[in-house]
Structure formats: C-alpha cells, structure tokens
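The values are calculated or read from the model by the stated rules, or taken from the named source; none is laboratory data. From a predicted model like this one, the values you see are computed outputs, not experimental measurements. Cβ atoms come from the backbone with ideal geometry, glycine included; neighbour counts cover every protein chain shown.
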Amino acid sequence: MRDAWRLAFGTFTALPVGPPTHVDRAVLGRSMLLAPVTAAPAALAWVVLGTVSVTGWAPSGVVAVIALVVTALLSRALHLDGLADLADGLTSGHDPVRSLEVMRRGDTGPAGAAAVVLVLLLDAACLAFLLVGALGTALAVVALVASRLACAVCARDGIPPARPEGLGQGVAGTVARGRLLGLVAAVGVLAGLAVGGLSGVLGETSWTVGLGAVVVVLVAVAGAVVTRRHAVRRLGGVTGDVIGAAVEVALAAGLVAATVVTTALPHL
C-alpha cells in the first residue's frame, strides 16, 4: 500500500516523495483510487485562503486567483496541461491517429489555450463567490476533492488505453467498477456529513446543506464521466491527457454546482 501512496502523491502532486519500490497494475489501480487524498494540500490552502477572504483581509477575486495558482503549483499544472492537449487533439480532426499525434506534441494550440483560459475563468468566478463564507469554502473544497475522482473514473475496468504507452496504458482498466462506486459513495457520504455538520455548527439547516455537498460530488463525477466517454469515442481509449482533462472538467462542474447550491441555500 505504501507504493500506491508514493505513486499517487508522486504523480499528482509536486510534493517530494520517495519513488515506489514496486509498480504493477494493482499498485497503479490503488494509486488512482487514492487520487482524492492527494488534493489535501490544495484543500488546506483553499481553507486558509477562504478564511482570509471571510475576514476581509483581501478581495475575494484576488483570493480566488491565488487559490488556483496554488493548486496549479501543487499539481505542477499537470491537469491543465492535459486539458490543453486534449482540446487541441479533439479539434484537430476526426482521425484518432492524428488527434493522438497532436496531443503528444509539447506545444499548445489555440483550442488548448482557449480551453484552459475559459475553464480557469469559470473556476475563478465560482471561487470568488464561494470563498466569502464558511459553507461556500467547504463546498469548494468538496468540489476540489471530488474532481480527483476523475482519475479512478478514467481507470475503470473496461476502458481501454488509447495508445500502447504512457500513463493511460498503465492505469486503464485497473479500477474495478465496485471499487469505483464504493469510492464515489464514500466521498459523497463523508462530504455530506462534514458539510452538514459544519452547517449545524453555524446554525443552518444541516441536512439540506449536506445533501448539497453530495450533489456537488455527483456533478463533479458526471463531468469526469462525460469527458472520458467523449475521449474514448473519439480516441478509442484514455491517455494521461484525458485523465488530466477529466479532472479539470470535473473541478469546473463541481464548482458550478457548489455555486448553485450556495445561492439556493437561503431558499432551502
């Protein structure tokens, strides 16, 4: 299990961790299941920044951008790179071979740049709204953690790799459906209990807010599933770029859901 922890944090974060001593498909699958835990450093940063925003020490818009910068630094912008590469590949034509070749290049085209800018703008707009209150910050953190479920979603059994090498080839098909469903359920329940408990402490209607946290998790997972299905249909399978793009789409979808839930809270 130690190897899976090392592989997960070594792959998805910039934290200095020792290399795994042994890597096989079982270790790769466990590392995909552990991906939500790797969001912990960024989640802690978001909580701190949310506190800064709530206390009025800095405008919420500035705090939102800083939160995204910190998240990108902690992940080495790995997921944003995947989003840019997938956008370039999917807009290069309908030939899977050409799309994969475009995705393999190191440069970023107009489609990739537009995808990254638009997603970051959407994230920033949502965070500027969410990080002004305790419940909004909590729901933003839920969206962040839930977005990392995209790694297991893309590694689900029955999903083939798009090419015979790379991260996609290593992790494709390593996560059993039952484990994926169990992980999604666990994250949803824990998110609901945590946010519901916080809302109770703050004097809100706890069960409705907890349900909203579950909705955020499900919407984030849905974003990852849609991204994976479209990529598999166009490319024939998943790659590391597909996983990164799915994480970014899941985060944006989760933050939008969190914003809607937070807006609706007074009316629940």
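Worth a mention:
- The residues of segment 213-268 that are at pLDDT 95 or above and among the acidic types (Asp, Glu) amount to a single one, Glu248.
- All conditions but one from (1) crowded, with 18+ Cβ neighbours inside 10 Å; (2) without any contact (Cβ under 8 Å) to a residue 60 or more places away in the chain; (3) of a type in the set (Gly, Ala, Ser); (4) touching a Leu at 6+ places or on another chain (Cβ under 9 Å) apply to Ala84; the one that does not is (4).
- For segment 10-30, a residue qualifies if it is crowded, with 17+ Cβ neighbours inside 10 Å, in contact (Cβ under 8 Å) with a residue 60 or more places away in the chain and part of a helix (DSSP H, G or I), and the qualifying residues are Thr11, Phe12, Leu28, Gly29.
- Among the residues of segment 31-66, the one identified as among the aromatic types (Phe, Trp, Tyr) and in contact (Cβ under 8 Å) with a residue 40 or more places away in the chain is Trp46.
- Residues in segment 221-257 that are in contact (Cβ under 8 Å) with a residue 40 or more places away in the chain and over 14 Å from the mean Cα position of the chain (by Cα): His230, Ala231, Val232, Arg234, Leu235, Gly236, Gly237, Val238, Thr239.
- Test: residue in segment 259-267 that is part of a helix (DSSP H, G or I), closer than 27 Å to Gly158 by Cβ and in contact (Cβ under 8 Å) with a residue 24 or more places away in the chain: no
- Exclusive hit being part of a helix (DSSP H, G or I), of a type in the set (Gly, Ala, Ser) and in contact with a Leu (Cβ under 7 Å, 6 or more places away or on another chain), set Ala222, Ala213: Ala213
- Restricting attention to segment 158-189, the residues that are farther than 26 Å from Leu144 by Cβ, part of a loop (DSSP other than H, G, I, E, B) and in contact with a strand residue (DSSP E or B) (Cβ under 7 Å, 6 or more places away or on another chain) add up to 1.
- Flag if Gly197 is surrounded by fewer than 24 Cβ atoms within 10 Å (Cβ to Cβ) and under 15 Å from the mean Cα position of the chain (by Cα): no
- Among the residues listed as Ala72, Ala124, Ala115, the single one being of a type in the set (A, V, I, L, M, F, W, C), modelled with pLDDT of 95 or more and more than 26 Å from Ala213 (Cα to Cα): Ala115
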